[in-house]
1. With labels modelled as points extended 7 Å from the Cα through the Cβ direction, what inter-label distance (nm, one decimal) is found for HIS258 paired with ARG320?
2. Give me the percent relative contact order of the range 66-153, please, defined on Cα pairs under 8 angstrom at least 6 residues apart.
3. Between LYS5 and ASN205, take the C-beta separation as r, use R0 = 45 Å, and let me know the FRET efficiency to the nearest 0.05.
4. Set the Förster radius R0 to 45 Å, insert the Cβ-Cβ distance between THR418 and ASN115 as r into 1/(1 + (r/R0)^6), and round the FRET efficiency to 0.05.
5. Hey, could you get me the Stokes-Einstein D for the range 132-260, Kirkwood radius over alpha-carbon pairs, 20 °C and 1.002 mPa s, rounded to whole µm² s⁻¹?
6. For THR324, which sequence-distant residues (separation of 5 or more, or a different chain) have an amide H within less than 5 Å of its own amide H, given hydrogens modelled in the peptide plane?
7. Just to verify a number: FRET efficiency for GLN179 and GLU452, C-beta to C-beta distance, R0 = 56 Å, to 0.05?
8. Classify the range 97-208: rounded, prolate or oblate, from the alpha-carbon gyration tensor (a ≥ b ≥ c, eigenvalue square roots; a/c under 1.5 rounded; otherwise prolate if a/b is larger than b/c)?
Amino acid sequence: MAKPKTVYVCQQCGAIAARWAGRCAACGEWNTIVEEIAVEEGPHIRPSLQESTCPVPLTAGASPCGERLSTGLRECDRVLGGGVVPGSLTLLGGDPGIGKSTLMLQASWRVAGMNGRVLYVSGEESFDQMRLRASRLGAMSDDLLVFTETSLEAIRSEIVAGAYSLAVIDSIQSVYSSQLPALPGSIGQVRECANEFLRIAKGRNLPIFLVGHVTKDGAIAGPRLLEHLVDTVLYFEGEGKQALRILRCVKNRFGSTHEIGVFEMTQSGLREVENPSALFLTERPKGISGSVVIPSLEGTRPLLVEVQALVSDSHLGSPRRTVTGVNPNRVSLLLAILEKRAGLAFSDKDVFVNVVGGVFLEEPATDLTLALALASSLLNVAIDPRRAAFGEVGLAGEVRVVDGARQRIAEASKFGFTECILPRGCTDDLDAANVALAPVGDVMEAIQTAMEIPYGQRKAQTDKP
Ligand code: TYD
Ligand code: MG
């Protein structure tokens, strides 16, 4: 028997190579090339996404995004930009066990209640498992149909035959097309199946959710391919041991990518957290050095988050820098700035930084908060717990303007903060009723303001052996 022809396919970017290599020549990733059986290239005729293929002026017709479908979960709707757009393909990625299936089941049940039949394709869990979970979540409905099928052709004919308002594919890696010899979960299968779902979604104006696994290194299998293909990419993340879950949008063709949704995993499924600031601030220690709160702005929603730093004498040759919740490079940069511009020496200290609640703060406004937490811990001077701070710090130690000052201060005021340290340039046209504004121009001034100590005294403390 003739040996089947094989090709070598990069599982990261889908590039095809003639022979195996340790590193993909196209995307530069290591150890991603896998041998697959070659597909006979016949004359392919791909059905187009829409029936009409003639050019149409943009102004013609009604707005297609007008009627968004609510998922029944406010946090989820917000992240999607106000609901699911008909005909959109959304990818939901996340670590195993984080709660993707739970989230999708809860959303499907709500949609079924409001809009009628929903198809939940479960390629990983049996019908009994699904029913057990649904009864535990209280998500039983006649309009929520579970289809335990992994064949693309069977799923396609079911979607086309039944009138559904939403379809969920859990997971895209479990679906396979019998037209392709490649194994389920391989890049060829995932690409083909996702493409087919895209055609179904656009052709029938049906919103489809694809659940995607995350590989060891934190990427959805075949991430580049899928992320290009779909309209929206959501990540469901959280610390495995904690109940808090954050739904984050990394690509959205129908809205902003800055929004986050906050959930809490409970005995009876995911609960929406309407007021995350309150959650993040409970158990906050009072009168301890190294703790500062930032009114951060994730999308349109302000969020009060506590940033903690612990600076201690190091007994190691190269002191430790352990950082969670912010970019470690940013912390190194701030340590250098504090050393150079404010005379605070960290070179013989271990530095630990933590953001409470498992949140990851990406925005530059975190700089000033971090710098103050680090300085506070080094000097062992507590910052008044009713004082919040935000602002970007430049290399010269200057504190730079960030946007959304008004919303940040309003949130701080709502939670009883009485003073806010902020960039000098942010104070224009601000009318803070209950919060005293403390505008600062550089880190030095910020440290002095935050700790209410004159410079001479502060210097003396640092100089102590
Ligand atoms: P699941 O949705 O199966 O995760 P994924 O689909 O992302 O792999 O969630 C599984 C985890 O969620 C499991 O560890 C238990 C937890 N869980 C709860 O705590 N409460 C619940 O009501 C449910 C359904 C799950
Ligand atoms: Mg699952």
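Each value in this text was obtained by applying a stated rule to the coordinates, not by laboratory testing. This is a predicted model, so every value here is computed, not measured. FYI the Cβ positions are ideal-geometry reconstructions off the backbone, even for glycines, and counts take in every protein chain you see.
1. Here the answer is 3.6 nm between the modelled labels.
2. Numbers: 89 pairs, mean separation 22.8, N = 88.
This gives 26 percent for the range 66-153.
3. Values: r = 40 Å, r/R0 = 0.88.
The pair LYS5/ASN205 has a calculated efficiency of 0.70.
4. Numbers: r = 47 Å, r/R0 = 1.04.
The computed FRET efficiency comes out at 0.45.
5. Working: Rh = 16.2 Å.
Calculated translational D: 132 µm²/s.
6. VAL353, ASN354, VAL355
7. Working: r = 72 Å, r/R0 = 1.28.
E between GLN179 and GLU452, to the nearest 0.05, is 0.20.
8. On the way: a/c = 2.11, a/b = 1.39, b/c = 1.51.
Oblate shape, in that a/c is at least 1.5 and b/c is the bigger or equal ratio.
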